[in-house]
Amino acid sequence: MKASIQLSQRLVGVGVGPTIELVIPLSLVAIVMALMGILGRKGKIKPNGVFGIRTKRTMNDPDEWYRVHREAAPWVLGGAVASIGGIVAVLLVPRGAPQIVALLVSMAIMAVLLTVGTVSASRRGGSGKA
């Protein structure tokens, strides 16, 4: 009972102080990452210059575009999960420095997952066109 009271006391303050300024951007990042992972896995992101994994190879070869997005999808979804974890952490830790640390850690995890997934997918197989 005491734990649930403490949790509710922490969540009551959402929207006051730095919490909302951290939660909104993290939520947007999580949504964009989830969309890119899901749509990329299904081959629903057409080659474009705005949204997706844009490398020389993916921009020059539509088959590579779809392959890289399909293979990177699990890593991208992992980045979305890291963002969601950051949101939960920001809501649960005390305001101030702990929230900033939670934000930075989740963003670092997300960046590592995206980098590993993109590099791994880009280097694997493919047509050899670059």
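None of the figures in this text is laboratory data; all of them are computed from the coordinates on show. On a predicted model such as this, the values are computed, not experimentally measured, just so you know.
Could you compute Rg(Cα) / (2.2 N^0.38 Å) for the range 70-129, with N its residue count?
Dividing the Cα Rg of the range 70-129 by 2.2 N^0.38 Å gives 1.42.
Using a cut-off of 17 Å between alpha-carbon atoms, which aspartates and glutamates can reach LYS44, once sequence neighbours fewer than 8 places away in the same chain are excluded?
The reachable aspartates and glutamates, counting only those whose Cα sits under 17 Å from LYS44, are ASP61, ASP63, GLU64, GLU71.
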